[in-house]
Amino acid sequence: MSNLKYSSKILLFGEYCIVINSCGFAIPYCLYKGSLRLNAGNKDRDSQKKILGFIEYLKKKVKNLPDFDWININKDKKNNLFFKSNIPQGYGLGSSGALVAAFYNRYVKNKILLDEKLTKNKIQILRNIFSEMESYFHGESSGIDPLNCYLGLPILIKSQNEIQITKMPEEKVLGYGGIFILDSGNSSDTSSMVSVFFRKMEDENFNFMMKNQFTKYSKICINEFLKGNINSLFKSIKILSEITLNNFQPMIPKKFAKLWDQGIRTNDYFFKLCGSGGGGFLLGFTLDIENTFKTLEDYKKEIIYKF
């Protein structure tokens, strides 16, 4: 079996926007990876059980799915197939997306290959397939996580039917500012957070906020980031961080609400959700990494991009 590894992903902008057919911007994050393996040991039993459940789901969910190589799937299943990964689960980094991408590559007949010319139509076909496959793990999936994991490239989501491969602005390795992730210390369940979100969308005020404020500033942040307009980006990031703090409970872990607010008040750093929220990582933006990391010295952090 190929040891091809699939990277985790980070949705820099667009959490919850993409589920209401709006914008998003996702990047691969290569620090964490996973690959399909055989001969699961005792420590791999949970992963093996997850794979078995996923396979049973795919057998029943025949609509809108490609033709799978069931001979090899069943053969590998007997040889204790599992997903070997260091991607933390429930942390907003696409652990299930990487698994889905690996499964697609390994077992789908006539799959869309990465060395093909990836037209807009092919990207959309992939997203639709991945949406159906990943729904096993989250109840409902946009398909963006496994798409990003499979492509291994930044993707810009303009709407549900308009997705394109793009490039990151050139990173300044010696830059003073940057984007980082902060470990909340607890995992979260994506499906439960998504359910909370859709219940919130039934409220007229929350619905209005999402469609007229949250998506607006998410789009502005994406545009400013891709253009490299860092000062303009941070003005919008602050507003987006405030909107999130005021409207996204319980997506923001309670013990981090004060820290979140502190960043806004001091202009030292600005947090946003990393994925569905509720735990996992928080996504941070700062113009002064050294000073911010001193402020947040009690927390586990990782720099993912420098300005």
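The values are calculated or read from the model by the stated rules, or taken from the named source; none is laboratory data. Predicted model only: the values in this text are computed from it and were never measured. Note: ideal-geometry Cβ built from the backbone for every residue, glycine included; neighbour counts use all protein chains shown. Note: accessible area is taken over every heavy atom of the protein model, side chains too, but ligands, DNA and RNA are not part of it. Shrake-Rupley method; radii C 1.70, N 1.55, O 1.52, S 1.80 Å.
Below, the figures for the structure above:
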| quantity | calculated |
| --- | --- |
| The range 1-118, relative contact order [Cα under 8 Å, separation at least 6], % | 33 percent |
| Highest-MSF residue in the chain out of Ala257, Ala101, Ala26 [GNM, Cα springs under 10 Å] | Ala257 |
| Label-point separation, Ile303 to Ile71 (7 Å along Cα→Cβ), nm | 5.2 nm |
| Contact order normalised by residue count of the range 192-293, Cα under 8 Å, 6+ apart, percent | 22 percent |
| Cα shape, the range 130-283, gyration tensor, a/c 1.5 rule | rounded |
| Accessible area (Å², 1.4 Å probe, nearest 10) - Phe180 | 0 Å² |
| Sequence-separation-based contact order of the chain, relative, with Cα cut under 8 Å and 6+ spacing, percent | 23 percent |
| Residue order for Val19, Val173, Val196 - accessible surface, 1.4 angstrom probe, largest first | Val173, Val19, Val196 |
| Order of exposure, largest accessible area first, which applies to Cys30, Cys221 with probe 1.4 Å | Cys30, Cys221 |
| Accessible area expressed per residue, the chain, with surrounding protein chains retained (probe 1.4 Å, Å²) | 47 Å² |
| Exposure rank, largest accessible area first [Val100, Val194; 1.4 Å] | Val194, Val100 |
| FRET E, pair Asn121, Leu4, Förster distance 22 Å, beta-carbon r, rounded to 0.05 | 0.30 |
| For the range 18-88, the spread of Cα positions along each principal axis, largest first, Å | 42, 34, 17 |
| log10 of Debye I(q)/I(0), alpha-carbon scatterers only, for the range 106-174 at 0.13, 0.20, 0.21 Å⁻¹ | -0.41, -0.85, -0.92 |
| Inter-label distance for Leu31 and Asn186, nm, one decimal - labels placed 7 Å from Cα along Cα-to-Cβ | 2.2 nm |
| Potential lengthening between Gln249 and Gln262 on full extension [0.36 nm per residue; Cα-Cα distance subtracted] | 3.0 nm |
| Structure-derived volume of the Cα convex hull per residue in Å³ - corresponding label in (i) 161; (ii) 135; (iii) 197 | (ii) |
| Shape call, the range 192-307: gyration tensor on alpha carbons, a/c limit 1.5 | oblate |
| Carbon/sulfur fraction of accessible area - the range 63-113, other protein chains in place, 1.4 Å, % | 44 percent |
| Residue of Ser218, Ser232, Ser184 that the Gaussian network model of the chain assigns the largest fluctuation, springs spanning Cα pairs under 10 Å | Ser232 |
| Sites excluded, trypsin sites (Lys or Arg not before Pro) in DSSP loops with at most 10 other C-beta within 10 Å, longest stretch of the chain | 168-307 |
| Mean residue ellipticity (222 nm) of the chain, computed from DSSP H runs ≥ 4 via -39,500 (n - 2.57), nearest 500 | -13500 deg cm²/dmol |
| Carbon + sulfur, % of accessible area of the range 136-291 - ligands and nucleic acids excluded, 1.4 Å | 46 percent |
| Cut-off of 10 Å, at most 14 other beta carbons, DSSP loop: longest stretch of the chain lacking such GluC sites (Glu not before Pro) | 1-115 |
| Pairs beyond 23 Å (Cα-Cα), from Lys33/Lys111; Lys60/Lys111; Lys9/Lys63; Lys227/Lys258 | Lys9/Lys63; Lys227/Lys258 |
| Candidates Ile155, Ile125, Ile27, ranked by Gaussian network fluctuation over the chain, Cα under 10 Å, top entry | Ile125 |
